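Right, one structure below, let's go through it.
The values are calculated or read from the model by the stated rules, or taken from the named source; none is laboratory data. As the structure is a prediction and not an experimental result, all values here were calculated from the model. Cβ placement follows ideal geometry from the backbone for every residue including glycine, while neighbour counts extend to all protein chains displayed.
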Amino acid sequence: MFEEPSERPEERPPDPAERAKEKSDEFRMHAELAAVFEGGRKFDARLRTALDPDLARDLQRTVAKLEKSKAPDSPVLPESSAVDAATVLRFPAAHDLPTNDYHVRRRPGEVIIVRWLEGEQVEMFYERFQAHFDVGLNDFREEERQSLEWKQDPATLEYLAALDALDVKLAERYLRDLIRTHNLFVLSTWTADEMDILHLCDYLMGVPAAAVVGPASAPPEEDPTEQDRAWFFRLYSLRGMDAGVERMCFFAYLQKAEDTFESDEDE
């Protein structure tokens, strides 16, 4: 056993610029989530729950392969992955699946949601993505200023100034110009250990959770607990050019948080 030191080192106060950046990253993830899943409420996207299991499995394996091919410090896929990336992006045309809609494959306690965008749909995504981010960040700036500015201590004022100085262009952050200029394929991934399934379905998608995850896996209608609502969530965002058209694929994997995580990759 190890004894605790008699004196603990003083904790350093958070760096104001880093604190502001962390909030920016948080709003960026919320904005992406909203832009990806609001299609049913904003753009007449349909929920299609008949994605062929074999196609879903092939797609999942290919996305997992792409993720493994990335370098740890860059979302740009290597040239050796270009064929697989293009295969994912042209999947709708190859299998007669409409873009913009949400294609769902579900099993008890597990769901895959895939959405493809192309051309003008991609343009609209970036506009909505930026708008969601700007609204969230600007509202937060005002709230922080109203609640903290009265303190007038240097660290707080530096933090508020760092918030004001944030100027995030999400298309640049997601390498859009480089993708279009150099025909790159880019894959970004983020994970939430506990996603509120009611927030995702009812609030963002505008559909009951049972319509997405199935009645047996959905939270009870009356007094659902936090555990009832918690799902593991992983979102893959693949962007690239194919045949001169800008394309995106959002691949979301969800599993009830109390279940053991298993991937189809090895099936």
Hey, any hits in the range 180-192 for a residue that's of a type in the set (Lys, Arg), more than 21 Å from LEU47 (Cα to Cα) and touching an Asp or Glu at 6+ places or on another chain (Cβ under 9 Å)?
yes
Among the residues listed as THR99, THR156, the single one being under 30 Å from PRO14 (Cβ atoms), touching an Asp or Glu at 6+ places or on another chain (Cβ under 8 Å) and polar (S, T, N, Q)
THR156
Sole exception among (1) in contact with a strand residue (DSSP E or B) (Cβ under 7 Å, 6 or more places away or on another chain); (2) under 21 Å from THR49 (Cα atoms) for GLU194, by number
(2)
Taking the condition of being surrounded by 22 or more Cβ atoms within 10 Å (Cβ to Cβ) and either without any contact (Cβ under 8 Å) to a residue 24 or more places away in the chain or assigned to a helix (DSSP H, G or I) (or both), how many residues in the range 109-123 meet it?
0
Could you grab me the full set of residues in the range 169-226 that are of a type in the set (S, T, N, Q) and part of a helix (DSSP H, G or I)?
THR181
Would you be able to tell me the number of residues in the range 136-165 that are part of a helix (DSSP H, G or I), more than 18 Å from GLU22 (Cβ to Cβ) and at pLDDT below 90?
4
